[in-house]
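Read the structure below first, then the notes.
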Amino acid sequence: MFRHSASHVMAHAVKRIFPQAKVTIGPAIEDGFYYDFDLDRAFTPEDITAIEKEMEAIIKKDSPFVRREMPKEEALRLFEGMGETYKAELIREIGDDMVSVYEEDGFLDLCRGPHLPSTGAISAFKLLSVAGAYWRGNEKNRMLQRIYGTAYDNPKELKKYLDFLEEVKKRDHRRLGRELDLFSVNDEIGPGLILWHPNGAIIRKTIEDFWRNGHLRAGYQILYTPHIARLDLWKTSGHLDFYNENMYSPMEVEGYPYEIKPMNCPFHIHVYKGLLRSYRDLPIRYAELGTVYRYERSGVLHGLLRVRGFTQDDAHIFCRPDQMEEEILRVLDFTLYVLKTFGFEQFDTYLSTRPEKYVGTDYHWERATAALDAALKAKGLPCKVDEGGGAFYGPKIDIKVKDSLGRAWQCSTIQVDFNLPERFDISYRGTDGKEHRPIMVHRALMGSLERFFGILIEHYSGVFPLWLAPVQMSVLPISDRHAEFSGQLLEALRDRDIRVEIDNDNEKIGNKIRKSTVRKIPYSVIIGDKEMAEGKISVRRRNGENIGPFNVDELISFLEEEINLRR
């Protein structure tokens with residue numbers, strides 16, 4: 001109510017300064033509000049400053065918000081007469097005979113309310129940014145201008161939030177991606193397609209190695225599957241019917257239509273179908289770091305967080321109904337282990353239940369939902385129930401991680417599927433000698449490597465723990481006469497798979513230290529006459545702390561211990 005009232009004050013201020021502007025909708029959102037406007041020119045930073053000043057004047061006048069009800073036809077004539085065509089369109093779609101409007105100091109707006117008693121109750125606000133937005137989110141409609149703002153009931157809380165936004169800007173993975181040379185997006189290649197630079201690629205390799213080794217220990221079998229398949233595969237899976245708008249246009253190969261894959265599931269099912277299966281073979285756990293491609297509108301692409309090509313840490317478990325609860329518990333254990341290893345300790349968990357339209361029997365739905373719920377309770381994870389939020393093919397658990405700023409990110413999902421086993425007619429031979437339908441569990445721990453990496457960059461603000469850092473140690477010789485000893489140290493560290501670089505630039509040692517610090521390299525060693533003479537090395541942490549001295553073997557043991565602990 002507080003922020004929605006602020007959005008109305010903003011719309012009033014815009015209309016005072018730009019009478020020709022047309023207002024559309026202005027809801028409150030998490031942490032703020034926005035209002036969309038149709039104006040024949042772009043809002044400038046100077047305009048935003050002027051709008052804020054006008055809002056201050058409106059607030060200072062402390063005019064009451066007055067609610068009025070009027071017949072729908074009267075409201076339609078009123079707003080059409082004002083030239084507010086967007087409001088008129090909304091009024092036509094209202095099913096009731098009466099509509100409500102709010103007025104303050106002559107400014108009239110269509111709204112259900114409620115609002116604050118008066119404009120003077122808005123004590124602290126700030127306009128934050130301007131963005132484009134299609135009317136009603138449809139790219140076929142006119143592009144509008146959306147002004148974002150926030151409001152709090154006291155200046156102290158507003159300052160706290162604005163400081164938080166500044167910290168978010170500092171941690172923006174797109175900025176840090178450039179500064180640390182981790183990744184890029186090139187319009188000549190295509191929006192939403194990621195180029196992994198050497199620094200980002202070595203982090204990705206480290207994540208993938210950890211992922212694969214963990215899955216092999218957990219009883220999974222690793223798969224690799226194609227990037228395209230015949231169109232008929234996606235008809236059988238149902239993706240062509242249910243997911244077509246997110247798929248790319250088919251291509252023709254030797255007279256057959258092919259489609260680039262949006263999902264890995266059908267390939268894993270065909271691996272399962274390749275052999276006759278017995279109840280003794282189950283559960284079968286297939287895992288793949290499978291790259292998929294999905295059509296996303298250009299307006300929603302956002303660095304690593306929203307892309308068109310990404311790699312899922314995908315897995316599918318084929319199990320008997322009596323194995324489902326144990327498998328879900330295993331997945332949940334594995335999920336928490338992986339997320340905690342990457343430094344996440346707080347989670348929001350959601351259990352999504354049967355929607356109105358679904359496949360499968362009520363018995364299977366109830367059993368699957370109970371298994372998901374039991375696994376959450378066994379791990380002591382409180383969850384919010386999303387009634388009717390499950391997929392049409394089965395219930396699911398979604399886990400959101402909380403980063404170091406307290407922001408929640410959707411990563412892990414565990415989904416029970418009754419649909420694809422039926423569509424692809426997969427089975428196993430039971431103890432009774434008859435064919436039975438297995439249960440299929442979809443699960444992703446990180447979601448996608450691209451998005452997860454973007455979250456990690458912001459979570460750590462680019463200051464990665466030693467095991468993830470692209471360069472783990474920099475060797476800094478003071479002068480040319482220290483280069484040979486430095487090279488020997490470099491080789492000794494590399495022989496133990498420690499990622500190390502040497503800075504042989506003809507610069508003062510202070511500049512070399514600064515470069516290492518700016519690159520956020522965890523450790524650096526300075527090599528001079530004393531180090532060469534004594535064979536002892538002092539180590540500098542990236543925060544400036546000096547530790548040691550170590551001989552070479554001690555240094556390697558120190559680094560390996562921290563790397564292996566993944567702390």
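Below, the figures for the structure above:
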quantity: Residue check for residue 227: over 28 Å from the mean Cα position of the chain (by Cα), surrounded by fewer than 16 Cβ atoms within 10 Å (Cβ to Cβ), of a type outside the set (D, E, K, R) and closer than 24 Å to residue 414 by Cα; calculated: no
quantity: Inter-residue pairs, beta-carbon under 8 Å, first more than 21 Å from residue 4 (Cβ to Cβ) and in the stretch 151-167, second hydrophobic (A, V, I, L, M, F, W, C), 6+ apart; calculated: 164/405; 167/405
quantity: Subset of the stretch 355-373 (residues that are assigned to a helix (DSSP H, G or I), exposed (fewer than 13 other Cβ atoms within 10 Å of the Cβ) and either touching a residue at least 12 places away in the same chain (Cβ under 8 Å) or of a type outside the set (Asp, Glu) (or both)); calculated: 363
quantity: So residue 438, is it crowded, with 21+ Cβ neighbours inside 10 Å, within 30 Å of residue 280 (Cα to Cα) and under 24 Å from the mean Cα position of the chain (by Cα); calculated: no
quantity: Of all residues in the stretch 446-464 being aromatic (Phe, Trp, Tyr) and part of a helix (DSSP H, G or I), the one that is surrounded by the most Cβ atoms within 10 Å (Cβ to Cβ); calculated: 452
quantity: Options 335, 369: the member that is more than 25 Å from the chain's Cα centre (by Cα) and closer than 16 Å to residue 398 by Cβ; calculated: 369
quantity: All positions within the stretch 127-137 that are surrounded by fewer than 12 Cβ atoms within 10 Å (Cβ to Cβ) and in contact (Cβ under 8 Å) with a residue 24 or more places away in the chain; calculated: 132
quantity: Complete set of residues in the stretch 309-327 that are touching a strand residue (DSSP E or B) at 6+ places or on another chain (Cβ under 6 Å) and part of a helix (DSSP H, G or I); calculated: 321, 324, 327
quantity: Yes/no for residue 239 being outside the structural domain of residue 334 (by TED's automatic domain parsing) and farther than 26 Å from residue 333 by Cα; calculated: yes
quantity: Residue within the stretch 398-416 that is farther than 30 Å from residue 182 by Cβ, at pLDDT below 95 and not in a loop (DSSP other than H, G, I, E, B) present; calculated: yes
quantity: Residues of the stretch 531-553 satisfying the condition of being without any contact (Cβ under 8 Å) to a residue 12 or more places away in the chain and either surrounded by 14 or more Cβ atoms within 10 Å (Cβ to Cβ) or in contact with a strand residue (DSSP E or B) (Cβ under 6 Å, 6 or more places away or on another chain) (or both); calculated: 546, 547
quantity: Selection count, the stretch 25-38, where residues are at pLDDT 95 or above and closer than 15 Å to residue 134 by Cα; calculated: 5
quantity: Conditions (1) part of a loop (DSSP other than H, G, I, E, B); (2) of a type in the set (D, E, K, R); (3) touching a residue at least 24 places away in the same chain (Cβ under 8 Å): number failed by residue 140; calculated: (3)
quantity: Output for the stretch 517-567, where each listed residue is of a type in the set (Phe, Trp, Tyr) and under 23 Å from residue 481 (Cα atoms); calculated: 523, 550
quantity: Subset tally (residues that are at negative phi and not in a strand (DSSP E or B)) for the stretch 77-110; calculated: 20
quantity: Near pairs, Cβ below 6 angstrom, 6+ apart or cross-chain, from the stretch 174-195 (among the aromatic types (Phe, Trp, Tyr)) to any residue that is buried (at least 19 other Cβ atoms within 10 Å of the Cβ) and assigned to a helix (DSSP H, G or I); calculated: 183/177; 183/200
quantity: Qualifying positions in the stretch 307-336 - under 17 Å from residue 413 (Cβ atoms) and either among the basic types (Lys, Arg) or not assigned by TED's automatic domain parsing to the domain that holds residue 455 (or both); calculated: 330
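Yes/no per residue for (1) outside any helix (DSSP H, G or I); (2) buried (at least 20 other Cβ atoms within 10 Å of the Cβ):
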{"site": "7", "(1), (2)": "no, yes"}
{"site": "12", "(1), (2)": "no, yes"}
{"site": "26", "(1), (2)": "yes, yes"}
{"site": "50", "(1), (2)": "no, no"}
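The values are calculated or read from the model by the stated rules, or taken from the named source; none is laboratory data. Note that the coordinates shown come from a computational prediction; the quantities given were computed from them, not determined experimentally. With ideal geometry, Cβ positions are generated from the backbone for all residues, glycine too; neighbour counts draw on all protein chains shown.
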